[in-house]
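The values are calculated or read from the model by the stated rules, or taken from the named source; none is laboratory data. For clarity, every value in this text was computed on a predicted model and none was experimentally measured. Virtual Cβ from ideal backbone geometry, glycine too; neighbours counted across all protein chains shown.
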Amino acid sequence: MRSRSLLFAVLGWFTCIAAVATAAAQNPFVGTWKLNQEKSQMAGDTLKFRPAEGEAIEVTAGGVTYSFRTDGKTYGMPSGDVAIWRQSNANGWTTEYRKIDGKLLSIDTWKLSGDGKQLSLTSSGAKADGDLYTNTAEYERTAGSSGLIGSWKSTEVKLSAPDDFVIQESGLDKLVVKIAAQKASLTAALDGKEVPVEGPDIPAGLRVSLTRTGPYAFRMVEKLNGDVVWTTQYTVAEDRKTMTEVGNAPGDPPQTMIWEKQ
């Protein structure tokens, strides 16, 4: 389930690429950044499943909402991709996420506890560069009484292979963000203007804006088809060795990621 930032989690993360240049001495954001998963607090995102028309189910996660049935058919998502849901048993479901041309992006496996209070999610797939990953999340029920229908909040999130991303400087007050594992990149001035993101698996309707909020901080806003799906504040420590990311989808509590400069 894409319950995190669409840019930094198309159900895959990043891999290390070469360190960037001497501009790091002038720009605190420039560098190769690696996630410290142990120091980060990635839980807290929410899922909501509601009954929808025609015996369908509507799901909201990561600022995105779509409807589906567990019949093995394809259902469109706001990203332009499709989801295929199947019920494997009374307490289990699988979801395939594919590009419109059929390319498999990832597979989610859902397992509901016997008492209906816990929901386990395993997401697996291949990054754009071919590397495989398996991420897990544990959710507890906050509303509803049985099945998927209800509200859920994650209590634990684990990434199998958190990697790196790179920020470079381009001209005056402009950043280039590269995500090697997704083969994705964007170039944006820190002026709040929206720019597209390039990458084979990036949704066509995704736009990102960067706004400087201080000498060591900037805000990133991600919009999908014009709607805000994620907002993040990045703050670099004065020693420039760590960067704190605090972000969330609309209505979700903030999640905190700690990045370390390599």
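Annotations
- Enumeration of residues in segment 86-105 that are touching a Phe, Trp or Tyr at 6+ places or on another chain (Cβ under 6 Å) and in contact (Cβ under 8 Å) with a residue 24 or more places away in the chain: W93, T95, L105
- Output for segment 118-169, where each listed residue is in contact with a Gly (Cβ under 9 Å, 6 or more places away or on another chain), among the small types (G, A, S), assigned to a strand (DSSP E or B) and within 19 Å of T46 (Cβ to Cβ): A143, G150, S151, S154
- Scope segment 171-218; condition among the β-branched types (V, I, T) and in contact with a Phe, Trp or Tyr (Cβ under 8 Å, 6 or more places away or on another chain); matching residues: V177, I179, T211
- Within segment 61-115, being among the β-branched types (V, I, T) and assigned to a strand (DSSP E or B) holds for V64, T65, T74, V82, I84, T94, T95, I107, T109.
- Positions within segment 15-33 being at pLDDT 95 or above and either over 19 Å from R212 (Cα atoms) or under 15 Å from the mean Cα position of the chain (by Cα) (or both), in sequence order: T32
- The number of residues in segment 208-239 being under 16 Å from the mean Cα position of the chain (by Cα) and closer than 14 Å to W259 by Cα comes to 3.
- Breaking point among (1) surrounded by 21 or more Cβ atoms within 10 Å (Cβ to Cβ); (2) of a type outside the set (D, E); (3) in contact with a Leu (Cβ under 7 Å, 6 or more places away or on another chain); (4) not assigned by TED's automatic domain parsing to the domain that holds E38, for K127: (3)
- Tally, over segment 170-213, of residues that are at pLDDT below 95, more than 28 Å from Y133 (Cα to Cα) and outside any loop (DSSP other than H, G, I, E, B): 1
- Some residue of segment 136-157 being surrounded by 13 or more Cβ atoms within 10 Å (Cβ to Cβ), closer than 23 Å to K183 by Cα and not hydroxyl-bearing (S, T, Y): no
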